[in-house]
Amino acid sequence: MQDIKSEIRRLAREKNAVIMAHYYVSPDVQDIADFIGDSLALAQKAAETTADIIVLCGVHFMGETAAILCPDKKVLVPDTNATCSLAESCPAPEFEAFVKAHPGHTVVSYVNTTAATKALTDIVVTSSNARQIVESIPAETPIIFGPDQNLGAYINSVTGRNMVLWNGACHVHARFSVEKILQIKAEHPDAKVLVHPECKGPVVKLADKVGSTAALLNFAINDAATTFIVATESGILHEMQKKAPHKTFIPAPPDDSTCGCNECEYMKLVTLEKLYRCLLDEQPVVTVDADVAAKAIRPINRMLELSERLKQ
Ligand code: 13P
């Protein structure tokens with residue numbers, strides 16, 4: 001195991017490659033990455049890297065976003081089968097018909113979409129900035145929001161908007177169970193509940209903090225509580241435990257299982273072995289059709305610019 005890790009690091013050095021990982025990939029892949037982050041941070045980091053090669057350890061849309069932002073770089077993903085159920089739930093032809101059926105609407109799409117769906121979009125958002133970006137759109141402007149209906153419903157509830165929602169969902173976040181979270185809460189009454197906004201409304205209602213993976217991580221580190229029930233993909237617990245070793249993190253279980261973990265099987269397709277092969281062979285390369293990329297980069301850049309501006 002040590003050999004493969006040092007080989008990965010050697011190859012990355014020799015090839016001037018940067019390894020980026022989402023918080024949901026397995027802990028050994030997170031540990032070897034140069035950078036770990038949520039969807040927004042990965043896009044921001046890709047946009048500014050000086051590396052020649054970007055290896056995106058996550059799901060396919062993350063690699064596509066990096067490839068769109070960095071047309072002069074080689075973007076690799078360790079496993080092309082690592083897709084995203086949310087992105088898959090919003091095929092571009094159907095989304096195009098949906099957009100056409102709502103003329104005059106501003107199209108806001110979650111970053112968890114294919115490049116072709118982004119190409120039909122006015123502004124991309126991630127769970128880190130969706131609320132602020134929607135709030136920055138004039139109140140009288142009607143909005144289509146896709147593809148995550150749970151995130152969309154959450155944004156509607158906190159902003160008072162009435163966005164038209166596409167009915168997609170993340171298969172991992174949609175399966176958290178209110179009953180199981182309440183059972184854990186009964187055993188740990190002081191625990192705070194951390195919930196990703198891709199979860200269904202009744203789960204979101206239990207939350208002490210709703211936020212993107214990075215926002216939940218920061219809350220867990222900085223909040224005075226010492227025990228947290230975490231309702232997002234369980235890969236995030238690795239970084240939480242590393243950053244706050246004295247605190248207790250309990251993964252919220254899915255409704256259909258007796259085991260405690262709620263994992264994204266696509267994120268877990270990314271292994272050290274595949275990462276090694278991908279760096280060695282410089283394959284598979286993520287490619288995006290030039291016309292699609294030319295359209296998709298606009299709403300992504302709009303998000304990056306707005307994100308910077310809204311921070312100030
Ligand atoms: P964030 O990375 O924005 O927290 O979203 C999680 C996710 O949906 C990854 O697929």
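Looking only at the stretch 193-207, how many residues end up being more than 15 Å from the ligand (Cβ to nearest atom) and in a strand (DSSP E or B)?
1
If you scan the stretch 9-40, which residues turn out to be among the hydrophobic types (A, V, I, L, M, F, W, C) and in contact with an Asp or Glu (Cβ under 8 Å, 6 or more places away or on another chain)?
The answer is 12, 17, 18, 19, 20, 36.
Taking the stated definitions as given, is residue 237 part of a helix (DSSP H, G or I) and in contact with a Phe, Trp or Tyr (Cβ under 6 Å, 6 or more places away or on another chain)?
Yes; evaluated as a whole, the condition is true for this residue.
Given the conditions (1) touching a helix residue (DSSP H, G or I) at 6+ places or on another chain (Cβ under 6 Å); (2) in contact (Cβ under 8 Å) with a residue 40 or more places away in the chain; (3) open to solvent by less than 10 Å² (accessible area, probe 1.4 Å), and given that residue 194 satisfies all but one, which numbered condition is not satisfied?
Tallying (1) touching a helix residue (DSSP H, G or I) at 6+ places or on another chain (Cβ under 6 Å); (2) in contact (Cβ under 8 Å) with a residue 40 or more places away in the chain; (3) open to solvent by less than 10 Å² (accessible area, probe 1.4 Å), residue 194 fails exactly one: (2).
Out of all the residues in the stretch 1-22, which are within 16 Å of the ligand (Cβ to nearest atom) and either open to solvent by 60 Å² or more (accessible area, probe 1.4 Å) or in contact with a Leu (Cβ under 6 Å, 6 or more places away or on another chain) (or both)?
20
Which numbered condition in (1) farther than 20 Å from residue 23 by Cβ; (2) buried (at least 20 other Cβ atoms within 10 Å of the Cβ); (3) without any contact (Cβ under 8 Å) to a residue 40 or more places away in the chain is the only one that residue 178 fails?
(2)
Of all the residues that make up the stretch 36-57, how many are open to solvent by 20 Å² or more (accessible area, probe 1.4 Å) and more than 14 Å from the ligand (Cβ to nearest atom)?
So the answer is 5.
Does residue 26 meet the test of being within 16 Å of the ligand (Cβ to nearest atom) and over 25 Å from residue 304 (Cβ atoms)?
Yes; evaluated as a whole, the condition is true for this residue.
How many residues are within 16 Å of the ligand (Cβ to nearest atom) and among the charged types (D, E, K, R) when one looks only at the stretch 215-233?
Number of matching residues: 1.
Taking the conditions exactly as written (modelled with pLDDT under 95 and either within 16 Å of the ligand (Cβ to nearest atom) or assigned to a helix (DSSP H, G or I) (or both)), does residue 171 satisfy them or not?
Yes; evaluated as a whole, the condition is true for this residue.
So how many residues does the stretch 267-283 have that are open to solvent by 40 Å² or more (accessible area, probe 1.4 Å) and under 13 Å from residue 53 (Cα atoms)?
4
Go through the stretch 67-98 and give me each residue that's assigned to a helix (DSSP H, G or I) and either in contact with a Phe, Trp or Tyr (Cβ under 8 Å, 6 or more places away or on another chain) or crowded, with 19+ Cβ neighbours inside 10 Å (or both).
Within the stretch 67-98, 67, 68, 69, 85, 86, 87, 95, 98 meet the criteria.
Of the numbered conditions (1) more than 19 Å from residue 54 (Cα to Cα); (2) out of contact with any Gly (no Cβ under 8 Å at 6 or more places or on another chain), residue 253 fails exactly one; give the number of that condition.
Of the numbered conditions (1) more than 19 Å from residue 54 (Cα to Cα); (2) out of contact with any Gly (no Cβ under 8 Å at 6 or more places or on another chain), the odd one out for residue 253 is (2).
Here are some conditions: (1) assigned to a helix (DSSP H, G or I); (2) surrounded by 15 or more Cβ atoms within 10 Å (Cβ to Cβ). Residue 25 meets all but one. Which one does it not meet?
(1)
Residue by residue through the stretch 129-150, note down the ones that are in contact (Cβ under 8 Å) with a residue 60 or more places away in the chain and open to solvent by less than 40 Å² (accessible area, probe 1.4 Å).
Those that are in contact (Cβ under 8 Å) with a residue 60 or more places away in the chain and open to solvent by less than 40 Å² (accessible area, probe 1.4 Å): 129, 130, 133, 147, 148.
The values are calculated or read from the model by the stated rules, or taken from the named source; none is laboratory data. In this text the structure is predicted, and so the values were computed from the model without any measurement. Here the Cβ is made from the backbone with ideal geometry for all residues, glycine too, and neighbour counts use every protein chain on show. When the accessible area is computed, the model is the full protein with side chains, heavy atoms only, and any ligands, DNA or RNA have been set aside. Shrake-Rupley method; radii C 1.70, N 1.55, O 1.52, S 1.80 Å.
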